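Please treat every number below as a calculation from the coordinates, not as lab data. Values in this document were obtained by computation on a predicted structure and should not be read as measured data. Here Cβ is always computed from backbone atoms with ideal geometry, including for glycine, and neighbour counts include all displayed protein chains.
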């Protein structure tokens, strides 16, 4: 179980960094989407893709 949680946390962190970098390059609110992705994982990515203007 511990390995699963660590893997999930690492995956969320990688997604958050990728979203942060992409948002910054596009002139979007990078901090907000990075934090949301870190907290919600794929839900944050979906929100960014649909709402991140």
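Remarks
- If the segment from residue 18 to residue 51 were pulled out straight at 0.36 nm per residue, it would be longer than the present Cα-Cα gap by 10.2 nm.
- Using alpha-carbon coordinates, inclination of helix 2-26 to the longest axis of the chain, degrees: 10
- Measuring max minus min along each principal axis, the C-alpha atoms of the chain give extents of 38, 17, 12 Å (largest first).
- For the chain, calculated [θ]222 nm from helices alone, where every DSSP H run of n ≥ 4 adds -39500 (n - 2.57): -28500 deg cm²/dmol
- Between the beta carbons of residue 26 and residue 5, assuming R0 = 30 Å, the FRET efficiency works out to 0.45 to the nearest 0.05.
- Nearest-ten-degree value, helix 42-51 long axis tilted from longest Cα axis of the chain: 10
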